[in-house]
Amino acid sequence: MARVLFSGLLGGIAMFIWTQLAFTALPLGEAGIRKIPNETRVLETLQKNIGEESGFYVFPGPLLGSTQTDEEEAKARDQLVESVARYPSGVLIYNAAGTRPIKMFRWLSVEFFTELTEAILAVLLLSRTHLSTFGARTAFVLATGILVAIGTNIPDWNWYGFSESYILANMLIQTTGFLCVGLVAALVLRKQPLPATGWPRFWPGLSRGTSNR
């Protein structure tokens with residue numbers, strides 16, 4: 001188990017390094033992202049109309065609340081369809097002035113531990129398979145990454161209209177990160193047969209369940 005966790009640690013580091021390269025040295029990090037024209041005027045308008053109400057906004061406003069009658073809900077839905085056809089639509093993540101200062105160390109730390117957790121979980125799943133070849137183990141972790149990328153990106157494209165270039169770039173970054181984890185894990189565990197040693201003690205039920213097969 002120690003070797004499995006060690007491979008997850010190295011895989012998480014590899015994923016983090018790749019992610020930072022993708023966002024700083026490659027154009028992937030900027031794909032689908034644009035700067036608002038006349039940004040200062042737009043920011044002033046947002047501050048004037050939204051003020052201190054930080055949050056996640058959808059515009060035109062969605063159908064909220066469950067107290068409407070069927071007739072009122074139908075009318076609101078028709079108005080929403082008209083508004084979407086007439087005005088711009090989208091989502092806005094709004095942070096009131098001064099509520100979210102730049103804290104790169106904190107953000108990078110959260111990013112690192114998030115990817116480290118993903119890598120360790122992926123390798124733990126790999127350790128419970130009977131895959132024996134380098135390619136098969138790498139492909140298993142890559143497939144895990146594809147599932148993660150689909151689940152975290154496609155809904156944003158489908159429901160909120162995130163641009164295709166932004167979604168595809170993020171999916172590529174995520175799946176390549178898991179590919180890095182898979183390569184590292186397959187290399188570190190290349191001489192270790194799977195399944196590895198039992199699950200940690202805080203998963204005794206899983207350990208018993210797999211050992212009885």
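Read-outs: derived from the displayed coordinates by stated rules, not from any lab. Just so we're clear, the structure is a prediction, and the values are computed from it rather than from any experiment. Positions of Cβ are generated from backbone atoms using ideal geometry, with glycine treated the same way; all protein chains shown enter the neighbour counts.
Points worth noting:
- Arranged from fewest to most other beta-carbon atoms within 10 Å of their beta carbon, M171, M104 become M104, M171.
- In this simple spin-label approximation, F59 and I146 carry label points 7 Å from Cα along the Cα→Cβ vector, and these lie 3.9 nm apart.
- Take the chain and mark each of the GluC sites (Glu not before Pro) that is in a DSSP loop with at most 11 other Cβ atoms within 10 Å; the longest unmarked stretch, sites excluded, is 54-213.
- Whole-percent P(r), segment 88-146, all Cα pairs, 5 Å bins from 0: 4, 14, 15, 13, 11, 11, 11, 9, 7, 4, 1.
- Overall Cα dimensions of segment 28-124 - principal axes, largest extent first, Å: 52, 41, 27
- Signed unit charges on C-beta, dipole axis of the chain, positive-most listed residue T129, L21, C180: T129
- Relative to the dominant Cα principal axis of the chain, helix 134-160 is inclined by about 10°.
- Segment 1-33-segment 166-184 distance, computed between alpha-carbon centres (Å): 8 Å
- Label-to-label distance for A97 and N38 is 2.0 nm, based on points extended 7 Å past Cα in the beta-carbon direction.
- Cβ-based exposure ranking for I13, I36, I102, in which fewest neighbours within 10 Å come first: I102, I36, I13
- Residue order, fewest to most surrounding Cβ atoms within 10 angstrom, among I93, I50: I93, I50
- Size-normalised alpha-carbon gyration radius of the chain, reference 2.2 N^0.38 Å: 1.35
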